[in-house]
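*Asks:* Before I ask anything, let me first share the structure, which is written out below as structure tokens.
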């Protein structure tokens, strides 16, 4: 592991540099597949499923029968665990429901803001080694609470043409309206354009590899919104002497096992903690089945010693981590001072795993420094704020003159006329429509 | 004007089709200028200012002296009008401040959401014939309320190297921290990468021509967020017999004068209104100084007659207008039923001009059908929601088992271990860090 002591602020950006990726050749692939899906619909989708997922399907749609059958394949223990997670996620996201905001800005000028659901949303759930049913919960539960009418889900089939039963269980539990056996670029293309079997959606959510990421980004050029750009997952832990080294090590390893490119950083004001955490990491690493993956990420990770909480906080804000764990005697300083982070975990008994699964917070979070400007997925991600205004005759007479002056100064005389006609009608009261 | 009577739903999408634009050649220009600004900083910016704006500047920054001088050039009337607008915009956006949302999802598991400001934001204000000081208000006021630390503004200089005084007045009034004489692609590039004189920002806001639009979209691939994608401005009016034809005509013309590509649509359930509005449009059109522009937009516009409020609402939701005016005896039906629109204006005395300038609502709104998935600019556009969680020993014992089961089912054993270590420590209470 890379250990860095008291780095000077001017070196932070190079120490904290994330791997940059270039996407030019992926982009060409993405555009090609999008074009084909747009032109040929399901035929193109099925072709790419055969090519990339190694299975020839006749139909993309998961049938009710398949869903029913799969429910028997999920253990009762797992069902109960998922239900507890669902309950907490539901509570936290229901608490985010906001009421109409209404204000009379000037007498007779009533303005309000209301949030209304995005009618059609698409959720993408990656396939591969780990069946991410937890991400189904994190996306479908707030979509349902928001009131989205159509909540479709795409996930790649395995080589037998099947979807992991836990994904199907979570999807039906959380109110997904249709499930498709489609993965990768072709899934994002299908949700962007619509096909014979897949409805076009207005916003696409969910994680994925770099092909999916580039496909989502391309979709935004074609009129579809996305949750956020994605990069490799990240964890930064701040620990002082109040931290338990074995706990900290286990949290860093949780992040490291996600992928070889996972970003893992420890910032500490304690030499002792730095050394103990490092020892614990290598001790625990041996026990992990995903050791090979975690080891590569750990070898690229950084342990940083800094002389003060202030320096630590400044560095953390510059990095802007996706996940941020605070184990400190001075925790309020970090809680109040953190400007950029996706989700924050406080204290020795708050592992990142809790937020990944069951505490209630969302685990779809901004990576790659995007916490500087993006929120993690939350209830509002499935809603859009609309504004309304209703102005009385009194109201327009109160603000009309100002509008006329401003419109004229901007050279927009029809804007002025629209107000002028209304003011004149009031003055003369003779106007006949 | 195109008049269409009782179109069948299957024809709506072609009737309502917006002009599509292809951007391939613009993209090449954008990428070239971005690369040069990234490599050469201010030198490249000044070069493109000279090339596109026709003025050789020594320095991009508007000095305090220039700001002071400009204040004398704005009439008292206009200053007062701007201050009234500011007061209303401030009231409406301050009302949008939301408090921390905190909930104990399970005993000992406390989760909360807080919104914190995006630290550095960039506002783009187009130049050209109309000095859009109103857009300065719409962007800088919520940025200031949100608590953004740096609020920089870029706008192109005129051929004398000057910025319109009203823009400078509005910017200093609303708390913009730095103003730059930079326009177009080079402005977006400068805010994306930073230069010697321009700070890199985390999110870019504001309207612009297609070059600016493509540049903003490209910026999102380079780690910067943007407010929303942009297209030509739009207005859809629904009017029944309760509407005043001259008012409706003046609103449609307000939209039409924005640009030749402005989208203007009337939907009505009244033959009489359709005819009267058309007559009024041609009557009022003659009086407009921007007649040539408005006429082209009006000739491309559509007047649609539909037999019922239900059909009208369905069509309006399919179109998803940026601005939507409701003049109807049955206004609640439309207010409650509108699913997709940026800003909604209700009644005969609520012209779009009011929202453009002074009612208090924001005028930076989703065009091009994006109101299906995007909010208009609002206070939250300058904030990001962050989640926090703090779990007690009791809390982790309540949810720990569920996390372990789910982590194991996803094949993430380090995630399980992070919880397991904490549960074990509690059980044995012998663990030594």
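The values are calculated or read from the model by the stated rules, or taken from the named source; none is laboratory data. Model, not experiment: these values are computed from the prediction. As a convention, Cβ positions derive from the backbone with ideal geometry for all residues, glycine included, and neighbour counts pool all protein chains shown.
*Asks:* Could you please give the count of residues in the stretch B:95-104 that are loosely packed, with under 15 Cβ neighbours inside 10 Å and touching a residue at least 60 places away in the same chain (Cβ under 8 Å)?
*Replies:* Of the residues in the stretch B:95-104, 1 are loosely packed, with under 15 Cβ neighbours inside 10 Å and touching a residue at least 60 places away in the same chain (Cβ under 8 Å).
*Asks:* Answer yes or no as to whether residue A:350 is in contact with a strand residue (DSSP E or B) (Cβ under 6 Å, 6 or more places away or on another chain), crowded, with 19+ Cβ neighbours inside 10 Å, in contact (Cβ under 8 Å) with a residue 40 or more places away in the chain and at the interface with chain B (Cβ under 7 Å from one of its Cβ atoms).
*Replies:* Criteria not met by residue A:350.
*Asks:* Identify, by number, the condition in (1) more than 7 Å from chain B (Cβ to nearest Cβ); (2) over 30 Å from residue B:349 (Cα atoms); (3) surrounded by fewer than 24 Cβ atoms within 10 Å (Cβ to Cβ) that residue A:424 doesn't meet.
*Replies:* Residue A:424 satisfies all of (1) more than 7 Å from chain B (Cβ to nearest Cβ); (2) over 30 Å from residue B:349 (Cα atoms); (3) surrounded by fewer than 24 Cβ atoms within 10 Å (Cβ to Cβ) except (2).
*Asks:* Any idea which of (1) over 29 Å from residue A:222 (Cβ atoms); (2) at the interface with another protein chain (Cβ under 7 Å from one of its Cβ atoms); (3) assigned to a loop (DSSP other than H, G, I, E, B) is the one residue B:417 doesn't satisfy?
*Replies:* Failed condition: (3).
*Asks:* Right, something else. What's the total number of residues in the stretch A:255-283 that are modelled with pLDDT under 95 and at the interface with another protein chain (Cβ under 9 Å from one of its Cβ atoms)?
*Replies:* 4
*Asks:* For the stretch A:170-183, which positions are surrounded by fewer than 22 Cβ atoms within 10 Å (Cβ to Cβ), touching a helix residue (DSSP H, G or I) at 6+ places or on another chain (Cβ under 6 Å) and touching a residue at least 40 places away in the same chain (Cβ under 8 Å)?
*Replies:* A:172
*Asks:* Given the residues B:35, B:31, which is the only one that is touching a helix residue (DSSP H, G or I) at 6+ places or on another chain (Cβ under 8 Å) and part of a helix (DSSP H, G or I)?
*Replies:* Of B:35, B:31, the one residue that is touching a helix residue (DSSP H, G or I) at 6+ places or on another chain (Cβ under 8 Å) and part of a helix (DSSP H, G or I) is B:31.
*Asks:* Restricting attention to the stretch A:392-409, which residues are at the interface with another protein chain (Cβ under 7 Å from one of its Cβ atoms) and either touching a helix residue (DSSP H, G or I) at 6+ places or on another chain (Cβ under 6 Å) or modelled with pLDDT under 95 (or both)?
*Replies:* A:393, A:396, A:402, A:403, A:405, A:406, A:407, A:409 - these are the residues of the stretch A:392-409 that are at the interface with another protein chain (Cβ under 7 Å from one of its Cβ atoms) and either touching a helix residue (DSSP H, G or I) at 6+ places or on another chain (Cβ under 6 Å) or modelled with pLDDT under 95 (or both).
*Asks:* If a residue counts only when it is farther than 23 Å from residue A:41 by Cα and at the interface with chain B (Cβ under 9 Å from one of its Cβ atoms), which strands (runs of 3 or more DSSP E) contained entirely in the stretch A:59-161 have at least 2 such residues?
*Replies:* Correct list: A:101-106, A:109-117.
*Asks:* I would also like to ask the following. Does the stretch A:367-382 hold any residues that are in contact with a helix residue (DSSP H, G or I) (Cβ under 8 Å, 6 or more places away or on another chain), modelled with pLDDT of 95 or more and under 16 Å from residue A:235 (Cα atoms), and which are they?
*Replies:* None - no residue of the stretch A:367-382 is in contact with a helix residue (DSSP H, G or I) (Cβ under 8 Å, 6 or more places away or on another chain), modelled with pLDDT of 95 or more and under 16 Å from residue A:235 (Cα atoms), so the list stays empty.
*Asks:* Mind checking whether some residue in the stretch A:144-158 is farther than 25 Å from residue A:194 by Cβ, out of contact with any helix residue (DSSP H, G or I) (no Cβ under 7 Å at 6 or more places or on another chain), without any contact (Cβ under 8 Å) to a residue 24 or more places away in the chain and not assigned by TED's automatic domain parsing to the domain that holds residue A:365?
*Replies:* No, every residue in the stretch A:144-158 fails to be farther than 25 Å from residue A:194 by Cβ, out of contact with any helix residue (DSSP H, G or I) (no Cβ under 7 Å at 6 or more places or on another chain), without any contact (Cβ under 8 Å) to a residue 24 or more places away in the chain and not assigned by TED's automatic domain parsing to the domain that holds residue A:365.
*Asks:* Considering A:344, A:325, which residue is within 7 Å of chain B (Cβ to nearest Cβ), buried (at least 22 other Cβ atoms within 10 Å of the Cβ) and either in contact with a helix residue (DSSP H, G or I) (Cβ under 7 Å, 6 or more places away or on another chain) or under 25 Å from residue A:226 (Cα atoms) (or both)?
*Replies:* From the options A:344, A:325, the qualifying one is A:344.
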